[in-house]
Amino acid sequence: MFRVSSWFLVCSLIVVASMACAASPIPETGAGDSAAEIVARVGDREISAQELEGIVGPKLTPLRQQIFDLKAKTLEGHIFELLVQESADKAGISKDQWLQENLQSLIAEPTEEEIQKVMAQFRSRLPPDEDQARKQVVDYLRNTAGAKAEAGLRSRLIAEASVEIYLDPPRVKPVIDENTTGHGSVDAPVVLVEYTDFQCPYCGRVQPTLIELRERYGDNITTLFKNLPLAMHSQARFAAEAALCAGDQDGFWLLHEWLFANSRDIKPETVYAQAEVLGLDVKALEACVSAGTHRGIVDADLKEAASFGITGTPGFVINGRILTGAQPLENFVKVIDDELRRAGLPVPGNEKAQD
């Protein structure tokens, strides 16, 4: 546990390798910077590109991500086609024949157990006729296996060819200062910022995933905590400020864990009772919350999340790249591994591919 005290290196890493530092909702200005461009005048009042970007940025963030995703998917597909054609030419056969030969061994026929499981799960959506239903399920499982095999072949070919992709994703730039709480080293090459709500069930469900990420990447990752209490959760704002006040007594993570484990039972009396169990000074905690000591931190977190277009919880920014929702582990891993590759660092489980 720590409160960040010096983040110059991390901030610089986020700028260089982050989802919208390259396309930040609030661009930095400077001599000759396009952000200083005047886009309109209303009488004597000038409206700059930076001001406009600050207003429209949150709405553009998902569009920028969609554009990047389409470009990245198209680029990867084009690279795969080139590598397949190159392999086919070396083998002296057609591209289709090479693909068939190399995919066939990777595609296993669906087992009876798999067929019955899918049929039971989707029986109401399948044809009444048992044979027709079975055929649809078998075709579905074969297509799924084929797609998985092709994805595996694509990843292998790209890894073996030492492909380097320079297409950079859009990035945002979270503020990281002495008020930011988190786990990890300040010089970690990957910085994950979590925007969360203690009464959000999905936020609680993703906590084990964050623990697993820290175990998987060790010193290569830092996870930071920020608040995004939603208006629909009546005690979320109180919980956020209470946790920060507990942090003044080095009890942030203790209360953090209890709040997520007891999200349905959050109210002042239960939180203060638990604080006593945890050995915290309850009177000091109550005074801190009543005085709104850390209200400004929560307000700043809310404003920052909104500026990035993050309106639901949980939301994440990984080296500036936005990921929303309680995503499965593999979706976090995909982004983090990509960031490590971009930094020229080994990827867990794939160290041999790194020089």
In whole percent, the Cα-Cα distances of segment 181-345 spread across 10 Å bins from 0 upward as 10, 39, 34, 14, 2, 0
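In segment 120-194, which GluC sites (Glu not before Pro) fall in coil by DSSP and have 16 or fewer other Cβ atoms within 10 Å? Walk me through the numbers before you get to the answer.
Values: sites: Glu130, Glu150, Glu160, Glu164, Glu178, Glu194; in loops: Glu164, Glu178.
Passing both the DSSP loop test and the Cβ count: Glu164, Glu178.
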Label model pair Leu106, Arg295: point-to-point distance (7 angstrom along the Cα→beta-carbon line) in nm is 5.8 nm
Going residue by residue through segment 177-183, the Karplus relation 6.51 cos²θ - 1.76 cosθ + 1.60 with θ = phi - 60° gives ³J(HN,Hα) values, rounded to whole Hz and with x marking Gly or Pro, of 9, 5, 8, 8, 9, x, 10
Taking a crude spin-label model, label points 7 Å out from Cα along the C-beta direction, the Arg214 to Asp187 distance in nm is 2.1 nm
Would you pull out the residues with amide H under 5 Å of Val191's amide H, same chain only if 5 or more places away, H placed 1.01 Å from N? Thr222, Asn319
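With the radius of gyration and the Kirkwood radius both derived from the Cα set of segment 162-235, what is their ratio Rg to Rh? It would help to have the intermediate numbers written out before the result.
Numbers: Rg = 14.9 Å, Rh = 14.4 Å.
My calculation of the ratio gives 1.04.
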So what's the Cα pair-distance distribution over the chain, bin width 10 Å, in %? 5, 19, 24, 22, 17, 10, 3, 0
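Ratio of segment 249-355's C-alpha Rg to 2.2 N^0.38 Å, to two decimals?
Details: Rg = 19.2 Å, N = 107, 2.2 N^0.38 = 13.0 Å.
Cα Rg divided by the expected 2.2 N^0.38 Å: 1.48.
Kirkwood Rh, Cα Rg: Rg to Rh for segment 120-254? Don't skip to the answer; put the middle values down first.
Values: Rg = 22.8 Å, Rh = 19.7 Å.
With Rh from the inverse mean 1/r over Cα pairs, Rg/Rh is 1.15.
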What's the long-distance tail for segment 50-183, i.e. % of Cα pairs beyond 22 Å? 63 percent
Tell me what the chain gives for mean residue ellipticity at 222 nm when only DSSP H runs of n ≥ 4 count, each as -39,500 (n - 2.57), the sum divided by the residue total, rounded to 500 deg cm²/dmol. -17500 deg cm²/dmol
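Give me Rg over Rh for segment 226-265, both radii from the alpha carbons and Rh done the Kirkwood way, two decimal places. Each step should come with its number before you reach the end.
On the way: Rg = 9.8 Å, Rh = 10.3 Å.
Over the Cα atoms of segment 226-265, Rg/Rh equals 0.96.
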Could you tell me which of the pairs Lys148/Lys334; Lys71/Lys303; Lys173/Lys303 are separated by over 21 angstrom between their Cα atoms in the structure shown? Lys71/Lys303
Tally Lys/Arg at +1 and Asp/Glu at -1 over every other residue whose Cβ is under 14 Å from the Cβ of Gln121; what's the total? +2
Return the sequence-ordered ³J(HN,Hα) values of segment 143-157 in whole Hz as given by the Karplus equation 6.51 cos²θ - 1.76 cosθ + 1.60 applied to θ = phi - 60°, using x for Gly and Pro. 5, 5, 5, x, 5, 5, 5, 5, 5, x, 5, 4, 4, 5, 4
Grab the alpha carbons of segment 106-167, take their convex hull, and tell me the volume per residue in Å³. 102 Å³
Show me the ranking of peptides 60-66, 301-307 by mean Cβ neighbours inside 10 Å, starting with the highest. 301-307, 60-66
Under 12 Å from the Cα of Lys226 - aspartates and glutamates, other chains or at least 8 residues apart: Asp177, Glu194, Asp197, Glu241, Asp299, Asp301, Glu304
For segment 323-338, Karplus couplings with θ = phi - 60° (6.51, -1.76, 1.60), whole Hz, Gly/Pro x: 9, 10, x, 7, 5, x, 3, 4, 6, 5, 4, 4, 5, 5, 4, 4
How much net charge surrounds Glu276 when only other residues with a Cβ under 13 Å from its Cβ are counted (Lys, Arg +1; Asp, Glu -1)? -2
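Since every read-out is calculated from the coordinates, none of them should be taken as a lab result. Keep in mind that what you see is a predicted model, and the values were worked out from it rather than measured. Neighbour counts run over all protein chains shown; Cβ positions are idealised from the backbone, glycine included.
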